[in-house]
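The structure appears below as structure tokens.
Every read-out reported here was derived from the displayed coordinates using simple, explicitly stated rules and does not represent laboratory data. A quick note: this is a predicted structure, and the numbers were derived from the prediction, not measured. Don't worry about glycine lacking a Cβ; one is built from the backbone with ideal geometry, like all the others, and counts go over all protein chains shown.
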Amino acid sequence: AGCNQEDSADASTAKKPSDGKGRVAVVVSTLNNPWFVVLAETAKARAEELGHEAVIFDSQNDPAMEASHFDNLLAAGYDAVLLNATDADGSVAAVRKAKERGVPVFCIDREINADDAAVAQILSDNYAGCVELGQYFVETVGEEGKYVELLGLSGDNNTGNRSDGFHNVVDRFPGLEMVAQQTANFDRSKALEVTESILQSNPDIDAIFCGNDAMAMGAFQAVNTAGLADQIKVFGFDGAADVIDSIRAGKIVATAMQFPKTMARQAAEFADEWIKGRRDFVQKTPVAVELVTRDNIEDYAAYGSKE
Amino acid sequence: MTDRPSLGARAAKLQAIAALVVLVIGLSLATDSFWTPDNGVNVLRQISVNLCLSIGMTLVIVAGGIDLSVGSVLALSGAVAAGMLKNGVDIAAIGSHLEFTAAGAVAVGIVVGLLCGAFNGTAITRFGLPPFVATLGMLSIARGLTMLWTGGHPITGLGETFGALGSGRFLGLPTPAWVVAGLVLVFAVVTRRTPFGLHLYAVGGSERAAKLSGVDVGRVKFLAYTLCGGLAGMAGVLVAARLDSATPNAGIAYELDSIAAVVIGGASLSGGRGSVFGAVLGCLIIGVLNNGLVLMEVSPFWQQVIKGAVILAAVAIDRATRTGGASE
Amino acid sequence: MTDRPSLGARAAKLQAIAALVVLVIGLSLATDSFWTPDNGVNVLRQISVNLCLSIGMTLVIVAGGIDLSVGSVLALSGAVAAGMLKNGVDIAAIGSHLEFTAAGAVAVGIVVGLLCGAFNGTAITRFGLPPFVATLGMLSIARGLTMLWTGGHPITGLGETFGALGSGRFLGLPTPAWVVAGLVLVFAVVTRRTPFGLHLYAVGGSERAAKLSGVDVGRVKFLAYTLCGGLAGMAGVLVAARLDSATPNAGIAYELDSIAAVVIGGASLSGGRGSVFGAVLGCLIIGVLNNGLVLMEVSPFWQQVIKGAVILAAVAIDRATRTGGASE
Amino acid sequence: MTDASPTPPPAVVSSAPLLEARGIVKTFPGVRALDGAGIQLRPGRLNALMGENGAGKSTLMNILAGVFAPDEGEVLLDGAAVQFRTPLESQQAGIAIIHQELNLADNLSVAENLFLGREPRGTLGLVDRGRMRREAGAILERVGLRIEPNQKVGELSVATQQVIEIGKALSQRSRVLILDEPTSALTAQETETLFRLIGQLKAEGVALAYITHRFDELDEIADDVTVFRDGSFVCERPFAGLSRPELIRHMIGRDAPVSPAATATQRRETVLSVRNLTLRRASKDSARRVDRCSFVVGRGEVVGLFGLMGAGRTELLEAIFGVHPQHTSGLIAIDGVEVAIRSPLDAYRAGLALTPEDRKGAGLILGGDVTENVTLACLDRFCRFGLIDEPARRRLTQSFADRLRLRTPSLRQPVRLLSGGNQQKVVLAKQLATQPKVLLLDEPTRGIDVGAKHEVYQLIRELADDGLAVLVVSSEAPEVLAMADRVLVMCEGRLTAEFARGAADEQQLLTAAFPDTSRRRIA
Ligand SMILES: Nc1ncnc2c1ncn2[C@@H]1O[C@H](COP(=O)(O)OP(=O)(O)OP(=O)(O)O)[C@@H](O)[C@H]1O
Ligand SMILES: Nc1ncnc2c1ncn2[C@@H]1O[C@H](COP(=O)(O)OP(=O)(O)OP(=O)(O)O)[C@@H](O)[C@H]1O
Ligand SMILES: O[C@@H]1[C@H](O)[C@H](O)CO[C@H]1O
Ligand SMILES: [Mg+2]
Ligand SMILES: [Mg+2]
């Protein structure tokens, strides 16, 4: 093999940007979910716009693989990392390691449970978003009624935060009874299957709250096939393309718009500024999650506001 | 074993049936929502995909092989079919643009599946790859191709006609159930009444003896994998139709459920034993279980534990009552 | 494969080595970041977990079986070990509270793995379950138990000492690499030089012959699965230590990489063939590939396609140059 | 049963039995394999166990070897009742057995197989491979095999493997040795060696049980004879003064059939003609396993092919049958028309059929039932509109089952559960079912009992008379001489002699079969 340590050493130091151009790694928890594809691709695109080289790493929901990605990209001498973490706790170690090596990490969408590891975390305010969603839920469903909740991935922070935010509101109304709570792994077909089954034991429910839009689509499909579309109100979270359409079509009642593109761009810009020398970043930049209903649907497009 | 299952195999079937009956009775007593026509329809719709895969898996397993790629092939076929249906295809050569009807899209999906299967078959028969490895490679390749084809985004809005294939009904039963029922009958006949079918059992029983008996072992295996791929393609179409959307992450880990179903149905992974109806039983057991656990509002965590335990129990009883099933 | 590998087997090894060398040279030329001490260390650390699993998988596969549960067992062992380390355990009986040192926690993890393995072994040898089914059941059960134990939330903050086991270094090499290297040597000896090792090959080659020669087939298989479980437990500890956190989703689908490694290393899934060093080669090939594709900045989607293709190629060459490897 | 009695009569010889089985009953699903069977084995004597296929001989031996547990009856060792729950327990009690079927692990070396389950331990309880190899060498020496202890068993011929089994059993230095058709895969050469060893064992006071379907072997080794019929003990007699017809009457309950006289030899029109057939081994030695063989077989003619182990007869047949297309050269013509045979399928299409020598490995789908096996090679014949006509299929199977007196509870019985001889009949039936023009038989009577054997001779003769051309590989000179119209002798891959019917005796056959130095120098 032609190259020995020295070459590669100065190869990597050569990348230490004098010209403010660097290499940015986009480490994403998984690409098996379109939402993250949007997130990752927007981040990459923005970084490149700003003149940097950017590469996407897919952790396939495996913290260990994420750790390996960090080892590799640190060895390969990247200048900044945009991280969509696989695991609020499991990812911390890797981020600290990067910090030790002087490589800045910017978290997107998924929080990590440490505020001294990442340079900055740009996060959907999942909790607040679901509080708002919960309030609208009570408005539309009423203070009396039965509902079902579909959770995302066990062990995922967003799953927890969303559920907590929602219940923080809804549980104040004893008239609202949760007759079933199941996980559907943020997955459309799993949600469809689970809902079909739930509707057997509880055909009389009034609403279904879903931890993300993929599940909302699946749930609605089950409701629709069962001919209960008028009786059961479905709520989602994300602002994915087909949910926006469904809200416009009056099929799904509401979702909470996260701004993956905004978050991704923001993170890329932070990285750019770091490379250019800025160091003062606030630890957390919450990105507001906006309630999307039939009333304000016209202001929104897939994964964001209308440009 | 073949036309009429041998003592052992028949015992196995009976056991599987017993296990199913026990489950059904148990659930009917435990919940009042299980034993209802509607829920029956649900179970049927829910197992139809796994069953579609399991028919093909039966062919492969009886011939002494295995196919880990069905889940990914399902995703790829569904995605390509959906893409064609939605956007058609530009044929640069003649500079013309080709549109697809729902039926056309279905055909496309099946063809994609057949091609993947043929690739597996070639890798195994021509290049002597162990089926596990060949299909493991395909699992990875087909998933990657799906991602590339879809760019990671679901292809949605596939239209009424196509959707009907997934969520429609005919004589009160779900369309997919009818489709798969048809496939079950066809392949039941193929496996029990055609030379190809009997050759599957021979090849699975002893490749060397089959070869010396004039069986074209390579051809038989190749066909088995190709058909298995085609059925995975059909399954992919069903999933897409049902979700009215082809998602790139469809079918992940489906191979395990499908293999489990075939084995619960009395097949032996060392080949030469198994049947399409066995696969039907296996799928029913797994399907009823998934459905029942949700109806009983068992916590998701416990669901996994119980599901695993029941699969073990079902097969344990089966093997216990079969002669020499232990060795595998 | 045993003391003097037969021509075929040796050829297989050579092929695997060749494949590895080609990969390494190719990557060294293609990227300047691959052939660096740092990256070498990375690759070592990255393969150590898969290698730990693959040692156990080798035992099981050589004996003619398979273990699909290693990924889930890894997660469960890691979680229990972490839980004990963090919170200790209350022994209601004597109303006392038990704390664990890092070493103690490691032991706990291994024991949990051994127990899961023993369960598999019992299901297979006592109840005659096909290994595929038995371990598939365990895959589901162990995952469920992990979720229940952790409540679905990771267990973190496991402390310096424990963490060192995962991310520490010794003589410039990663601690986990040392641990696994030790295990490789031990089990290389076990498989090549002990009666138990010899019996693994005999049982995998011809269960009947082994039985009639007075080999306690049941015991041999039981041991193989138990050890495989124990090694998965060790792997679970390594993962938790490395992440300083035991996550309930750890190890999903790891069984596939591990089986692939063992087979790439020249093992036969029909039993009787395979070796620990083969597994090492297999893990290196897969590890180098994963690492290299990332360094070459191949898009994630293409990575899957290429990885699948390379695995196929590697094994195809191997089999092509081996006599009679085709039949499997 | 005329002279059957529930338990054996008082020992024929004064010396007390070392190992004895009494009133053994053993049933398998659908079969009563043993029904009041027993045997007595005495130190320094060989008791030959005779009986038709399916009489229960192997089953009883398996019980003595701890493979099966009896449903009823008792086993006595030195007069004390014992129960062997595992093969190991039986071994430890000093009982060694050579099973009817090969039981070696192909993937292990010869040495490893010889010591499997009782490996010599060295330091730290690790296997002492050096010692294992040395002792293996000694054992191979003793049984007269010149092969490397490290060679993989899978690379050896059936015959060689059988000899290894013998060595394995001998090396256990046991007090009782059971041999279940040990010579069925052997030829004169190794049989000699075996009998010499048996002589030594007797002298050492070992008690032997010996199962065979080859009568002439008895003269050399048998002291006593025990006869079974339909799973029951019939009688035990000292061999001396027991006439063959009498023995056969005990075995089959009627008088011995007479083997058919071969038709007078006259030139017939050629059906199969082989020119310069050569087979090169793919592996290490590119030596020719079959070397420029040319011969013809005529319509209605039975040609015997005689040779020693490793002569390459099996491979000659396989070469003709298209099993090794890539290594085979030469011309094959059927009815004067040259045919290209690249695979067994081609061979069947050309009107050839082959019964392989390795019954379990190559002849049968062990898990399949009788019907499945018998009709496997001719399924197309039952196809109507692509579907198989089941009744027709079962009728054909039934007809062969009757014709060959197949002993099976039903046509659905997995052949794995049939006795050795009955399995061989199934293999034959499968080939005959293809209605071939040329029938290639590799050791067709291996492990077949006297009754069935004569039926097979009869059958072969009938088939020949119906115009079939038959080429029979056999290792039993008398059999070849009795059956064949013409005898070819093969040695080291070459045809070395041809005798017209009656033109040769056993001695001449053997001389032609043994490698002679001058010929080897030319080769
Ligand atoms: N494991 C088994 N399961 C069911 N039936 C069996 C089994 N083993 C033997 N049998 C049946 O028991 C009977 C006796 O078989 P056995 O092998 O003892 O006959 P044998 O005297 O050895 O015949 P051969 O001379 O052909 O070897 C046969 O009818 C056979 O089909
Ligand atoms: N002693 C031996 N060592 C190694 N290989 C052998 C030996 N004897 C036979 N073989 C292999 O088996 C092949 C065929 O031998 P085999 O004994 O089957 O010939 P055969 O004439 O058919 O004898 P038989 O049919 O009586 O066994 C030989 O060409 C050789 O490859
Ligand atoms: O925020 C993301 C999206 O909601 C996605 O749909 C599922 O994972 C969550 O973390
Ligand atoms: Mg016998
Ligand atoms: Mg031969």
field: R0 of 22 Å, Cβ-Cβ distance B:D216-D:Q435: FRET efficiency to nearest 0.05
entry: 0.65
query: the stretch D:296-408: percent of C-alpha pairs farther apart than 16 Å?
result: 71
message: At a 10 Å Cβ-Cβ cut-off, how would you order C:M147, C:M84, fewest neighbours first?
response: C:M84, C:M147
query: With Cβ to Cβ distances under 11 Å as the rule, what net charge do the other residues near B:A164 carry (K, R +1; D, E -1)?
result: 0
- request: Note down, for the protein assembly as shown, the three equivalent ellipsoid semi-axes (square root of 5 times each alpha carbon gyration tensor eigenvalue), biggest first, whole angstrom.
  value: 65, 34, 32
field: At most 11 other Cβ within 10 Å, DSSP loop - GluC sites (Glu not before Pro), the stretch D:150-231
entry: D:E204
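Out of every Cα-Cα pair in chain D, what percent are more than 30 Å apart?
51
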Positive-end residue, the stretch D:366-429 charge dipole about Cα centroid, Cβ charges, pick of D:L379, D:L396, D:T408: D:T408
- prompt: Say we join alpha carbon atoms closer than 10 Å with springs in a Gaussian network model of chain C; which of C:L139, C:L200, C:L212 then has the biggest fluctuation?
  reply: C:L212
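Please identify the DSSP H helices in chain B that span no less than 20 Å along the helix axis (Cα) and have a mean Kyte-Doolittle hydropathy of 1.6 or more.
B:7-30, B:102-125, B:276-295
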task: Rank by packing, highest mean first: peptides B:306-316, A:74-84, with packing defined as the count of other Cβ atoms within 10 Å averaged across residues.
output: A:74-84, B:306-316
Listed residues A:G90, A:Y147, A:V179: farthest to the positive end of the dipole of chain A (Cβ charges): A:G90
Calculated P(r) tail over 18 Å for the stretch D:105-161, as whole % of Cα pairs: 30
statement: Summing -39500 (n - 2.57) over every DSSP H run of at least 4 residues in chain D and dividing by its residue count gives a helix-only mean residue ellipticity at 222 nm, to the nearest 500 deg cm²/dmol, of -9000 deg cm²/dmol
message: At 222 nm, what value in deg cm²/dmol follows for chain B if DSSP H runs of at least 4 each add -39500 (n - 2.57) and the sum is divided by all its residues, to the nearest 500?
response: -24500 deg cm²/dmol
statement: For B:K307, the aspartates and glutamates lying under 15 Å Cα to Cα, once residues fewer than eight places off in the same chain are dropped, come out as B:D257, B:E297
statement: With bins of 20 Å, the percent of all Cα-Cα pairs of the stretch B:7-326 per bin from 0 is 32, 57, 10, 0
task: Any chance you could get the radius of gyration and Dmax over the Cα atoms of the stretch D:366-429, in Å?
output: 11.5, 37
- prompt: Which distances in nm, rounded to one decimal and ordered from shortest, link the label point of B:K86 to the equivalent label points in the other identical copies, with labels set 7 Å from Cα toward Cβ?
  reply: 4.1
- prompt: Dipole magnitude of the stretch B:7-326 about its Cα centre, charges +1 at Lys/Arg Cβ and -1 at Asp/Glu Cβ only, in debye to the nearest 20?
  reply: 980
field: Taking chain D and dividing mean pair separation by its residue count, relative contact order in percent (alpha carbons under 8 Å, at least six apart)
entry: 16
message: What distance in nm lies between label points placed 7 Å from Cα along the C-beta direction at A:D245 and A:E48?
response: 2.6
- line: Of all GluC sites (Glu not before Pro) in the stretch A:125-172, the ones in DSSP coil with at most 15 other Cβ atoms within 10 Å are A:E143, A:E144
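Given a cut-off of under 8 Å on Cα pairs at least six residues apart, what relative contact order in percent is computed for the stretch D:105-161?
Relative contact order, the stretch D:105-161: 48 percent.
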- request: Could you work out the mean count of beta carbons from other protein chains within 10 Å of each residue's beta carbon in A:240-251?
  value: 1
message: Quick check on chain A: helices-only [θ] at 222 nm, where DSSP H runs of length 4 and up contribute -39,500 (n - 2.57) each and the sum goes over total residues. Nearest 500, please.
response: -13500 deg cm²/dmol
- request: Please arrange D:T183, D:T270, C:T36 by counting, for each residue, the other beta carbons lying within 10 Å of its beta carbon, fewest first.
  value: D:T270, D:T183, C:T36
message: Cut-off under 14 Å on the C-alpha distance; same-chain residues fewer than 8 positions from A:K306 excluded. Which aspartates and glutamates are left, in chain and number order?
response: A:D245, A:E290, A:E298
Span per principal axis, largest first, for the Cα atoms of chain A (Å): 71, 35, 32
- request: Mind checking which aspartates and glutamates have their Cα closer than 19 Å to the Cα of D:K437? Skip sequence neighbours fewer than 8 apart in that chain.
  value: D:E269, D:E301, D:E318, D:D335, D:E338, D:D346, D:D380, D:E462, D:D465, D:D466, D:D485
task: Determine the shielding of peptide C:62-75 by partner chains: average, over its residues, the number of Cβ atoms on other chains within 10 angstrom of each Cβ.
output: 1
Listed pairs C:K211/D:K26; D:K26/D:K57; A:K21/A:K261; A:K44/A:K190 exceeding 19 Å between Cα atoms: C:K211/D:K26; A:K21/A:K261; A:K44/A:K190
message: Between A:A301 and C:S96, what's the calculated FRET efficiency when r is the beta-carbon distance and R0 is 51 Å? Round to 0.05.
response: 0.25
message: Taking a point 7 Å out from Cα toward Cβ as the label site, list the nm distances between C:L29 and the same residue in every other copy, smallest first.
response: 7.2
- prompt: Over chain B, what is the mean sequence separation of C-alpha contacts under 8 Å (at least six apart), divided by residue count, expressed as relative contact order in percent?
  reply: 35
field: Label geometry 7 Å along the beta-carbon vector: C:V298 inter-copy distances in nm
entry: 4.1
